[in-house]
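Shown next, in structure tokens, is the structure this report addresses.
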Amino acid sequence: MFRGQGTRAVNTEDDLLIDRLRAAWQAPAVGPPPADHPDPEKIWDAAAGRLAPEVTARLVDHLALCAECAEEWRLALALEREKLNDTAGSGTVAPLPLRPARSSWWDPRWAAAAALLVGALGFAVFLPKSPPTDDPGYRGTGDRPVPDASSPAVPGPPAATGSLIESLVRDNAPVTRKGFKVAWKPVPQAVYYDLSIRTSGLDTVVQVTGLTATEYEVPAEKLTKLRPASHLVWQVEAVFPDGTRSPCPPTFRLTLEE
Amino acid sequence: MTVPSVVRDPARRELPDSLYRELRAALTRAVNHSCPSWLTAESEDLVQVALLRVVDVLRRREEETALSSFYLKRAAYSAVVDEIRRRRRRREVPIEDEAGAIELPTGSPGPSDHAASRELGSAIRGCLGALIASRRQAVTLRLQGHSVVDVGRRLGWDAKKAENLIYRGMADLRQCLEDKGHAP
């Protein structure tokens, strides 16, 4: 090992050693694995580099002792590296229209039920919420890991009061049927955003989850069936490394041009 | 008579063709690359389970839903892992018998090599458990295949600190393995 040559120094003797050890490390384990395993989603998020370092560190501590979760982490890495038709992580979205046959799902009664549900949810967000937990999301029936009191808290919403989402689009701005962009200010520590745009009758125009960018270009084809001068409402929720969401997402308005 | 694949495969019926093909190909490659060896014969099944989970995700959403590929892959991954865990629990063959359970091609490592490898793997885990936490985390991620920069990025360190912790962690690991009678 030649020290003092930057990161390249590790790529010599230790790399050879690591290569030798890696095969043994990746072999199936002898003996029983730990009783509890983290949720697959947590492993995925950590392997993809989307979790706070403190949460990742705790998961890695588990991997060090659990051959099975280490295997699952490598599977996450392999899949994460696979490209679908959008650039993973760039925030670009692959629109996934379901097959036409599925339109039979839609029924005006569902719209009424959805409106009631949205109303109920809207009420629910004003109810007191339990504080964000720093549990990395372990599953199973065994003893849950005891959080280390000395470790820093997992990043959650930076301020748990009031809305964290600020629109960068003027309220009630006119928007064109040829497509338009909605944008909002980045929320500190958010790992991704979920966006929904609906008509004033609460029909979904756009619903996107997993956005890493703080803007979204609404394509013209989403707007063709809307009536002129329709009013649209949009909401964004920020999702944090501990899985919590921004409280009280505000509703912003837009008006579709004639 | 051959049953059309679209009839046999509900995921294919439900998902748009291009998405179905892309997701299936990506999942197959990832599962074949990283799936536990005892599940190799069932990898096709695992992929199918994952695709059905994606269909479920879409069903639960409304019609004009769009999902990022990140989200889709995450859902598919989660399904594969749940299925692997389920089969692991159901599996009655002890993991120690694994090498004997699969037919090894001529020239590949024999059962005794596999046993030695598993023993060394077990010793590595034992040694990692005794390392200072930051060194353990750095070395674990290196063993998982992450680069030095990647290790730093995931654990919130700059490259220099990551390099330093990997270096020291590897030295500790080597010493521990030697003490246990495993000369790496």
statement: Pseudo-spin-label distance A:VAL233 to B:GLU44, built 7 Å along Cα→Cβ, given in nm, is 5.0
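I'd like the FRET efficiency for A:THR251 and B:ASP82, computed as 1/(1 + (r/R0)^6) with the beta carbon distance as r and R0 of 35 Å, rounded to 0.05.
0.50
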field: Distance between modelled label sites at A:ARG177 and A:GLU221, nm, 7 Å Cα→Cβ extension
entry: 1.8
query: Hey, with R₀ at 22 Å, roughly what FRET efficiency would B:ILE132 and A:GLN189 work out to, going by the Cβ-Cβ distance, to 0.05?
result: 0.20
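Relative contact order for the stretch A:165-251: what percent, with Cα pairs under 8 Å and sequence separation of 6 or more? It would help to have the intermediate numbers written out before the result.
Details: 152 pairs, mean separation 29.2, N = 87.
Reported relative contact order: 34 percent.
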message: Test of understanding: ordering B:ARG86, B:ARG142, A:ARG198, A:ARG253 by Cβ neighbours within 10 Å, fewest first, what list do you get?
response: B:ARG86, A:ARG253, A:ARG198, B:ARG142
statement: Here Rg/Rh (Cα, Kirkwood) for the stretch B:138-184 equals 1.06
- request: Along Cα→Cβ, 7 Å out, is where each label goes; now give me the distance between the ones at B:ARG29 and B:ARG89 in nm to one decimal.
  value: 3.3
task: Subtracting the Cα-Cα distance from 0.36 nm times the residue separation, let me have the gained length for B:ASP17 to B:SER147 in nm, one decimal.
output: 43.2 nm
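We did not get these values from a lab; they are worked out from the coordinates using the rules stated. From a predicted model like this one, the values you see are computed outputs, not experimental measurements. Backbone-built Cβ (ideal geometry, glycine too); neighbour counts: all protein chains shown.
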